[in-house]
Amino acid sequence: MNLGFALFNYFPYGGLERDMLTFARVCHERGHDITIYTGGWQGDKPEDIHIVELTLHTYSNHARANEFAARLQQKRNSKHDAMIGFNKMPGLDVYYAADVCFAAKAFEERNFFYRMTPRYRTYLALEKAVFGCNSKTQILMISKVQIELYQRYYQTPSERLHLLPPGINRERILPSNYNELRSKLRASYGLKDTDLLMLCVGSDFQRKGLDRALRGIAALPEPLRSRVKLWVAGQDKDKPFRSLARTLDIDAQVSFLGARDDIAQLLWAADALVHLAYSENTGTVLLEGMVAGLPVIATDVCGYAHYILDNKMGSVLGGTVTPNQVAQAMAHVLSEKNSVWHERSRLFTAKADIFSMPHHAADLIEQVAARNHTD
């Protein structure tokens, strides 16, 4: 079958983008012809998948989203048996819901004046085109909480909502030669045996709660505080956070690594993962940290935070997250022996259904495309 995939922009270090390319590869491996439509592509392009970059002339994010949706309708190949979208827009046969409900944020977190803006009207219309009662789009969901929100605002029929299991990269799993590998990795990264490395992974530093991590380290008691290092892997504007680290007098302990291709190795070299997000649909990195043998400190807004509690793999903070709460969570996970986290990690990895998302998604995409092909 002939399948089209649509994504506003491709950035090689984004979770949504990685999921899109993984789904496309799985479908391609099943023998389907794949075309990816995007408004821009950063990084290497796959040689076995056709990429179509649509030229956009508008500048604001919401205007570009609207223009991309319109251009897609003009350019999409009539031979496509299904169009799979990774951003909200009209005309999709399947939508992968990695983003949170825009209507819920607009009505519950923003004021009246925000709801008078063109940005609000555009994004609400794009979301309604997917989740509205009159839409026929089949929706791949990854968060039970978000299902409830979408149905509250759009009354989306349950038969169009399909909850997927997580889809974690197996390359993150704690390797059998971990002890030997960890020593070599830490030496190559310039870490001392006494250093305690905490890792933050992900772009959009503000939403991911990097400020909370910095304030938590500053609140640690000595001598623990002086042993802790925080490495931040992700691409975003770091100037405000460097300034905050200086204000907290911990700038010598914080390193901004930029976008990285060695995330698995960083996880194996670290002692804990910190993800204190203010908003997060699921938080795939939480599970990546867990299968890599790390305790995880996260907030309860993350859809996957329950895995941490269910498997006793760290701490989950809720409500108003204070620096002292973060510091206590850090001290707790760093005081436990690594062997305890590794054993829990192996048990979790062996029993949890956390790797099969792309194959479940491909199954549904094939079902929709097959129906369209025969109609």
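Structure notes:
- Within segment 69-89, residues that are outside the structural domain of E366 (by TED's automatic domain parsing) reach no partner that is charged (D, E, K, R) and modelled with pLDDT of 90 or more with beta carbons closer than 8 Å at six or more positions or on different chains.
- Which listed residue, of F68, F112, F107, is more than 16 Å from R160 (Cβ to Cβ) and surrounded by fewer than 13 Cβ atoms within 10 Å (Cβ to Cβ): F112
- Qualifying residues in segment 320-350 (those that are among the charged types (D, E, K, R) and assigned to a helix (DSSP H, G or I)) - the one farthest from the chain's Cα centre (by Cα): E343
- Single residue of segment 38-96 satisfying the filter (of a type in the set (G, A, S) and assigned to a loop (DSSP other than H, G, I, E, B)) that is modelled with the lowest pLDDT: S78
- Restricting segment 75-89 to residues that are of a type outside the set (K, R) and closer than 20 Å to D375 by Cα, the residue that is surrounded by the fewest Cβ atoms within 10 Å (Cβ to Cβ): S78
- Of all residues in segment 308-340, exactly one satisfies the criterion of being surrounded by 13 or more Cβ atoms within 10 Å (Cβ to Cβ) and at pLDDT below 95, namely N338.
- Members of segment 341-375 found to be among the aliphatic types (A, V, I, L, M) and either surrounded by fewer than 13 Cβ atoms within 10 Å (Cβ to Cβ) or farther than 22 Å from G85 by Cα (or both), listed by number: L347, A350, A352, I354
- Subset of segment 262-319 that is touching a Lys or Arg at 6+ places or on another chain (Cβ under 7 Å) and of a type in the set (S, T, N, Q) - its residue that is nearest to K192 (Cα to Cα): N311
- The listed residue being in contact (Cβ under 8 Å) with a residue 12 or more places away in the chain, over 25 Å from the mean Cα position of the chain (by Cα) and surrounded by 15 or more Cβ atoms within 10 Å (Cβ to Cβ), out of L220, L214: L220
- Residues of segment 130-174 classified as part of a helix (DSSP H, G or I), surrounded by fewer than 21 Cβ atoms within 10 Å (Cβ to Cβ), free of Cβ contacts under 8 Å to residues at least 60 places away in the same chain and not acidic (D, E), total: 8
The values are calculated or read from the model by the stated rules, or taken from the named source; none is laboratory data. A quick note: this is a predicted structure, and the numbers were derived from the prediction, not measured. Cβ coordinates were reconstructed from backbone atoms using ideal geometry, including for glycine residues, and neighbour counts include every protein chain displayed.
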